[in-house]
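Engineer: The structure follows.
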Amino acid sequence: MSDKETLSVYAARADEYSALADADTQSNPALAAFIAALPDGADVLDLGSGPGAAAAAMARAGLRATAWDPVAEMVTLAARNEGVAAEQKGFDDLTGTACYDGIWASFSLLHAPREAFPRYLAAIARALRPGGVFHIGMKTGTGSKRDGIGRLYTYYTTKELSGLLAAAGFTVSDVTTGEDAGLDGVIAPWVRIIARA
């Protein structure tokens, strides 16, 4: 994700976003299900981690957690969490093969350009070990647009996202939908999908 305006919003509002992420993590059944689906001591990547709240929960559960985010301010916050290896990296840095048992991408890939999205899903599939667990959270809809605070979003329907996951070699095992207010304060619909490589 390289949209400068989106990155600058997260840099400027890192502490505010961290408070939202902490609250979400404390009451997030998807995160609990993701952790439960992994073996003890699994290697996990929080891709587009923000302040690393999810990675911190994974580390507390005994997983070997790495947090990647392209925003330096977010990486600084993530690095404060015990047991989390935080690095300033983005989607294009995911080039390894069979590196992780699980990859968590919670409302981060929605900032990826539509033309790059299949390539990123393929890279995630390669980076997972056989049978690895992938969680993706996305706002649902169609098209691309900026929100009221300047972040650029690319939207997908649940059916479209499931098809893209299948094309990348994933088997979808769980789909949950809902709606919440984000950093911009606007209530928006979303989907969370857990899939296996």
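The values are calculated or read from the model by the stated rules, or taken from the named source; none is laboratory data. Keep in mind that this is a model prediction, so the values were computed, not measured. Here the Cβ positions follow ideal geometry from the backbone for every residue, glycine too, while neighbour counts run over all protein chains shown.
Engineer: Which residue is surrounded by the most Cβ atoms within 10 Å (Cβ to Cβ), if the candidates are limited to the range 153-186 and must be modelled with pLDDT of 95 or more and aliphatic (A, V, I, L, M)?
Structural biologist: Ranking the qualifying residues of the range 153-186, first place goes to L161.
Engineer: T95: surrounded by fewer than 19 Cβ atoms within 10 Å (Cβ to Cβ), within 17 Å of the chain's Cα centre (by Cα) and at pLDDT 95 or above, yes or no?
Structural biologist: Taking the combined requirement at face value, the residue satisfies it.
Engineer: To continue, here is another question. Residues L109, L121: which one is free of Cβ contacts under 8 Å to residues at least 60 places away in the same chain, surrounded by 15 or more Cβ atoms within 10 Å (Cβ to Cβ) and under 14 Å from the mean Cα position of the chain (by Cα)?
Structural biologist: Going through L109, L121 in turn, just one is free of Cβ contacts under 8 Å to residues at least 60 places away in the same chain, surrounded by 15 or more Cβ atoms within 10 Å (Cβ to Cβ) and under 14 Å from the mean Cα position of the chain (by Cα): L121.
Engineer: Which members of the range 115-158 meet the condition of being over 20 Å from W104 (Cβ atoms) and touching an Asp or Glu at 6+ places or on another chain (Cβ under 6 Å)?
Structural biologist: Residues satisfying the conditions are D147, G148, I149, G150, L152.
Engineer: Pick out, from the range 63-167, the helices (runs of 4 or more DSSP H) lying fully within it that include 1 or more residues that are among the β-branched types (V, I, T) and within 24 Å of A33 (Cβ to Cβ).
Structural biologist: Output list reads 117-127, 158-167.
Engineer: Follow-up question, since we're still on this one. Is it true that L165 is within 15 Å of P118 (Cα to Cα), in contact (Cβ under 8 Å) with a residue 12 or more places away in the chain and not hydroxyl-bearing (S, T, Y)?
Structural biologist: yes
Engineer: Among the candidates T140, T157, single out the residue that is under 23 Å from A54 (Cα atoms), in contact with a strand residue (DSSP E or B) (Cβ under 8 Å, 6 or more places away or on another chain) and not hydrophobic (A, V, I, L, M, F, W, C).
Structural biologist: It is T140.
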